[in-house]
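The next block holds one structure in the form of C-alpha cells; read it before the comments.
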Amino acid sequence: MADSSGAVPEPVAVLGRDVLLATKLHVPRPQPGFVPRPRLVQALGQGLARGRVLVCAPAGFGKTALLADWARGGGRPVAWLGLDGSDSDPVRFWRYAVAALKAARPGLAGRVVPPPQGSVEGLVAALINELAADPGPDEVLLVLDDYHLVDSGPVHESVAFLLENLPPGLQVVVASRADPPLPLARLRARGLLAELRAADLRFTGEEAAALLGEAAGPGLPGTAVAALTARTEGWAAGLQLAGLSLRGHADAAGFVAAFSGSHRFVLDYLA
C-alpha cells in the first residue's frame, strides 16, 4: 500500500505497479443548473449520528450530486471514492480507499501497509486499528459512490467488516442503485444505519420548479410544473430532460401533455 521507507506519496500514487486515477478521488463539482436540497442535506447530517448511511435509488435520482454538495459544505474531511467495475478487485479497491482516506488524513497511507501475507482482511484490520488509535480532531467521511458497480464477494466482505467494526473518527456513506450485499438488516436492527431511498430523493414541487426553471428558463406555468412533477414522479433526470426539451418550445402545455418515458431524450438516457 505504501513505501515502507516512510515516504508518503500523494493521492495519485504508484502503489505496487498501479497508478491511481486522481479524478476518482475528487468530490464532483456541481453541474450547471444544480438545485440545492437543504432538506436532504439535513437528513444526511442527522443520519451520520449512526455512523453509516446508505443512499439507495435507481439511476438519475441525483445521489452523486446530493452527496457532493453535502460533502463540500459539511466542513469535515472527506475521503471520496467514485467506483467503477474495475474496483471489484479487492486489492485495487482498498488501494483506492486508503488513498482517499490519506487525502483526508495526510500520512495515514504511510502507516497502513499490507501484512506479510498480503491479505485484504489484514489491511482493513490495520486501517481500523490505526484510525481507532488516532481518531484525529475531526471525523473523516468516507464516501463510496456508485457501489453497485462493484461485483466481488471479497470486497463486500471487507466493507462489511469495516462497517461492523467502524472505528472512532470514521463515518461511511455508501451510494448505490440497488441494495448492496452488505449486512444492512443487522446494522438496521442495531440502530447503526441511516437510509435515504428513492421516495426521499424524489423532487418536491418546489424543488422541481427550481430545477425546471434552471433547465427550461423562467416563466414556465405552475400547472406545467405540477404536471411534469407528477408525470416524472419527481425523478430528477426526467425533470432535467423535460426542462431541456422545453427550451424555446412555443406550446408548453402541449409538450407536457405528450411528455412520457418514450421521449427521445429519456430513451437515450435509459439506453
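Just so it is clear, none of the values below were taken in a lab; they were calculated from the coordinates. This one's a predicted model, so the numbers in the text were calculated from it and none came from an experiment. Please note: Cβ atoms are built from the backbone with ideal geometry, for glycine as well, and neighbour counts cover all protein chains shown.
Summary table
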item	result
Pairwise FRET efficiency - ARG190 versus LEU21, Cβ, R0 = 41 Å, nearest 0.05	0.70
Coil-residue GluC sites (Glu not before Pro) of region 185-239, DSSP, other Cβ within 10 Å capped at 14	GLU233
Amide H partners (placed H, <5 Å) of VAL140, local residues excluded	LEU170, GLN171
Relative contact order for region 147-225, counting Cα pairs under 8 Å that sit 6 or more residues apart, in percent	26 percent
Calculated from backbone phi, Karplus (6.51, -1.76, 1.60) coupling profile of region 125-141 in Hz, x at Gly/Pro	4, 5, 5, 4, 5, 5, 5, 5, 6, 9, x, x, x, 10, 5, 8, 9
Anisotropy class of region 123-171 from Cα gyration tensor, a/c 1.5 cut	oblate
Pairwise FRET efficiency - GLU233 versus GLU121, Cβ, R0 = 51 Å, nearest 0.05	0.75
Over region 59-189, relative contact order from alpha-carbon pairs under 8 Å, at least 6 apart, %	30 percent
Under Karplus coefficients 6.51, -1.76 and 1.60, residue-wise ³J(HN,Hα) of region 203-218 in Hz, glycine/proline x	6, 6, x, 5, 5, 5, 4, 5, 5, 5, x, 6, 7, 9, x, x
Of the trypsin sites (Lys or Arg not before Pro) in region 120-201, those whose Cβ has at most 14 other Cβ within 10 Å and which sit in DSSP loop	ARG190
